[in-house]
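The values are calculated or read from the model by the stated rules, or taken from the named source; none is laboratory data. What you are looking at is a predicted structure, and each value in this text was computed from that prediction instead of being measured. Glycine gets a Cβ as well: all are built from the backbone with ideal geometry, and neighbour counts include every protein chain shown. Heavy atoms of the whole protein, side chains included, go into the accessibility calculation; ligands, DNA and RNA do not. Shrake-Rupley method; radii C 1.70, N 1.55, O 1.52, S 1.80 Å.
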Amino acid sequence: MKLLHSAFLLVFLQFGSLEGRKGWRSGRGNPQPRRAQQAPPTRDRAEAGVEESFSLDFTAVGEGNMDDFMAQIKNLAQSLYPCSSPNIKYEMRLHSLENTSVVCNDGTPAGYYLKESKGSKRWLIFLEGGWYCFNKENCDTRYDTTRRLMSSTGWPQTKIGTGILSSQPEDNPHWWNANMVFIPYCSSDVWSGASTKSDKSDYAFMGSLIIKEVVKELLTKGLDNAKVLLLAGSSAGGTGVLLNVDRVAEQLQEMGHKGIQVRGLSDSGWFLDNKQYRRTDCVDTINCAPTEAIKIGIKYWNGVVPERCKQQFREGEEWNCFFGYKVYPALRSPVFVVQWLFDEAQLTLDNIHLTGQPVQEGQWLYIQNLGRELRNTLKDVPAMFAPACLSHEAITRSYWMDIQVKGTSLPRALHCWDRSLHDNNKNNKNPPKGCPVHLIDSCPWPHCNPTCPTIRDQFTGQEMNVIQFLMHMGFDVQKMAQQQGMEPNKLLGMLSSGS
């Protein structure tokens, strides 16, 4: 009976909200702080492809058909029952692959975490990151130190999504209602491998096959009714998106599901094959230049790259397709790129190790040049978000809603991209007015964007503002001001304001 009362209350609230909606449309009211943000308004939800679960025909009452109206109330109350439960769950649950021949590095079952959203026709599949290994020696070390990235032994039965994987609208305003899938990274091959464990190899590398098998299983769990599938990933998972998004689209088409729009979201996976600051021998994952590591790894993993990219290079040079600016032009599926201009993983690969000591002038110039090189490779990418920050990974971080480029947040940019693709417009030539999708910072230094994630001193743990950070990095205010043709105080003021 209490539930029926609640349903009646909701009806009266819907009546009462009509005037409120008029006020919203006319622009009255102030924007709310982030934590007070509610589910997207009806108009935005429709544009994002979010299904409205409950609708009531109020004309039934006016026509004297109370029985029909009460039937609607009863259905609404039954639908609301799970929402009223105090034990409502936001967790994704672990599923081991039914095809037991597709496994992690050590032969344990591969799998995925799933949280279904009944009624939603949008699916988000996330590829976890975590570097790679490319020979027996560093794979053995990886197995000893970070076994969870090579084995499913010990994986928890549930996982709570964060950032774009969150099921709560205040943390994820435009994708909260999607079916969420998290695929743990246990193949160490940048999601490219297609080799089994054998007498000749102590490890299996089956990243590309794991994705294929997960998609196949999800078709039996509701993916067959999807309108949109977003393949997302961070770090090695972000590169994995670039390597696999077209293959997933082709797989679904071949299986008769041509109506599913497949898109990609690559976060912190747009690496450069640039020259290292200080060249070192290729003896381990951290110190080996990315080009050398991938050249060795692609053979060790039996790595697979997109066919259209592969055709652009000579035999034996398929490794080029692991680098974003080389594979992106060959992709058919629309992809949104999220990339820090001063990516910490890229700097590590380039042998710039920020250990807490002020950097040398040569390192400082190298870091600035890295930002310019990344900016140049991204200039022709129509849908992208590139803040001038020193960081790594974004879309699953707690602060992912706070970062802005030119006044637009990352969730807002993704929503604008979503809208621009509503009519399957891959090239994003006509994004909605006032809804930008090509966002890149123009300021030249790390953390010159005031919305960058907080940086802490590695020794003291204290937060640093942008000026303290740049001083810590060896930034010479007098010299830089002279180069820019301005007074030092003016330069400091600009840095403080993020100009």
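What the table below lists for this structure:
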{"item": "Trypsin sites (Lys or Arg not before Pro) within segment 321-396, DSSP loop, no more than 16 other Cβ atoms inside 10 Å", "result": "R332, K379"}
{"item": "Cα lying deepest toward the dipole's positive end in segment 245-331, options V262, I296, N320, charges on Cβ", "result": "N320"}
{"item": "Contour excess over end-to-end distance, with Cα ends at Q312 and E361 and 0.36 nm allotted per residue", "result": "13.8 nm"}
{"item": "3J(HN,Hα) from dihedral phi, segment 204-218, Karplus parametrisation 6.51/-1.76/1.60, rounded to Hz, x for glycine, proline", "result": "9, 10, 10, x, 5, 6, 4, 4, 4, 6, 4, 4, 4, 5, 5"}
{"item": "Ranking by accessible area, most exposed first, for Y132, Y143, Y277 with a 1.4 Å probe", "result": "Y277, Y143, Y132"}
{"item": "Efficiency of FRET between R93 and Q368 - r from beta-carbon atoms, R0 51 angstrom, step 0.05", "result": "0.65"}
{"item": "Segment 115-208, Cα convex hull volume normalised per residue, Å³", "result": "121"}
{"item": "Of K227/K310; K159/K197; K433/K479; K216/K310, those spanning more than 32 Å from alpha-carbon to alpha-carbon", "result": "K433/K479"}
{"item": "Segment 264-333: GluC sites (Glu not before Pro) falling in loop per DSSP and having at most 10 other Cβ within 10 Å", "result": "E315"}
